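Shown next, in structure tokens, is the structure this report addresses.
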Amino acid sequence: MLTNVKKYRLEKGLTQAELSNASQISLGTIRKYEQGLANIEDSGLFALLMIAKALNVRPYDLIESQAMRLLWMQAEGSNDN
């Protein structure tokens, strides 16, 4: 399963450890997101924002659930799909 966290991490050429350091989110948590053992949208706003910042993507780009992603985009006023 290629989660959005893993997809963007690989696109940026980062290791899990590098993403962990850059985002200040534990390596174990990064691994759980990438393995689908934890959902980033359930983990709180801090983790979502810190990982998005480290990957230089919009926070809603990391959200797996299409419904949650659309809600976030509407709240931000974005028209991207």
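The values are calculated or read from the model by the stated rules, or taken from the named source; none is laboratory data. Computed from a predicted structure; not experimentally measured. In case anyone asks, the SASA skips ligands and DNA or RNA and just uses the protein heavy atoms, side chains included. Shrake-Rupley method; radii C 1.70, N 1.55, O 1.52, S 1.80 Å.
I'd like the residue in the range 1-51 that is at pLDDT 95 or above and assigned to a loop (DSSP other than H, G, I, E, B) and, out of all such residues, is most open to solvent (accessible area, probe 1.4 Å). Going through the qualifying residues, I end up with 24.
Scanning the range 52-81 for residues that are at pLDDT 85 or above, in a loop (DSSP other than H, G, I, E, B) and not basic (Lys, Arg) yields 56, 57.
Please enumerate the residues belonging to the range 23-40 that are on the phi < 0 side of the Ramachandran plot and within 13 Å of the chain's Cα centre (by Cα). Across the range 23-40, the qualifying residues are 23, 25, 29, 30, 31, 32, 33, 34, 35, 38, 39, 40.
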